[in-house]
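The values are calculated or read from the model by the stated rules, or taken from the named source; none is laboratory data. Please read all numbers here as calculations on a predicted model, not as lab measurements. Positions of Cβ are backbone-derived with ideal geometry, glycine not excepted, and every protein chain shown enters the neighbour counts.
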Amino acid sequence: MSTTDGHLRLGPDCARLVVRTRREGLAARVGHDLTIEVTRWSAEVELPGGDPAGARITARIGLDSLAVREASGGALPLTDADRREIERNARRTLVTDRHPDAAFESTRVTPTEDGGVIDGTLTLLGNPAPVRLTVTRVAPDRYRAVAPVVQSAYGIRPYSAFFGALRLRDEVTVELEFTVDASSPPG
């Protein structure tokens, strides 16, 4: 993470951003719950006067950079060909040829002793909708931010197969894990 005068920069070189999906439907047992990593993204945190309550957070997320990292459940193990097909389906569902990036901008930051809440606007496929990230400290100087994202709120139709018998749940979970070095605070 890069820190300069009340300004933090995050990206894949110092933090991990993943989307967790779950399956549902009559044929859910044949599908997989997935952990998909975003490999191209950046976030900036401006901390005027070092005050977290006054923070302004923006992020750009490369939707065309999704990579399947883990799969659980399913009738058969996920193959490399399956992973490539899932990534192709995600790019098609997210219309990445026209909307390669999603954007986030905070509207309010409410710090707590062990984390806080970040309210903001997430824009996917050109459609903005409110989102709330809950931030918790998971270790000294290490944090996790988690947000539920309902795909249909952005005009996204969740993936389905077998005439709808296997579906991706409408709500996915976005998670960001990052470290803040307390020995060199911004300011």
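Some points to look at:
- Extreme residue, nearest to Val174 (Cα to Cα), among residues of region 132-150 that are of a type outside the set (A, V, I, L, M, F, W, C), at pLDDT below 95 and out of contact with any Phe, Trp or Tyr (no Cβ under 9 Å at 6 or more places or on another chain): Asp141
- Scanning region 66-86 for residues that are surrounded by 16 or more Cβ atoms within 10 Å (Cβ to Cβ) and out of contact with any strand residue (DSSP E or B) (no Cβ under 6 Å at 6 or more places or on another chain) turns up just one, Gly74.
- Residue count for region 133-159, restricted to those that are in a strand (DSSP E or B) and surrounded by 15 or more Cβ atoms within 10 Å (Cβ to Cβ): 9
- Scanning region 66-82 for residues that are among the polar types (S, T, N, Q) and either part of a loop (DSSP other than H, G, I, E, B) or touching a Cys at 6+ places or on another chain (Cβ under 7 Å) (or both) yields a single hit, Thr79.
- Sole residue being of a type in the set (A, V, I, L, M), touching a Lys or Arg at 6+ places or on another chain (Cβ under 6 Å) and closer than 27 Å to Pro52 by Cα, chosen from Val138, Val174, Val146: Val138
- Among the residues of region 1-52, the one identified as crowded, with 19+ Cβ neighbours inside 10 Å and of a type in the set (Ser, Thr, Tyr) is Thr21.
- Residue count, region 83-117 (criterion: more than 24 Å from Ser42 (Cβ to Cβ), assigned to a helix (DSSP H, G or I) and without any contact (Cβ under 8 Å) to a residue 40 or more places away in the chain): 5
- Test set (1) at pLDDT 95 or above; (2) in contact with an Asp or Glu (Cβ under 7 Å, 6 or more places away or on another chain) - Ser72 fails condition number: (1)
- Scanning region 158-182 for residues that are under 17 Å from Val19 (Cα atoms) and β-branched (Val, Ile, Thr) yields Val172, Thr173, Val174.
- Any chance Ala129 is surrounded by 15 or more Cβ atoms within 10 Å (Cβ to Cβ), modelled with pLDDT of 95 or more and either within 17 Å of the chain's Cα centre (by Cα) or part of a loop (DSSP other than H, G, I, E, B) (or both): no
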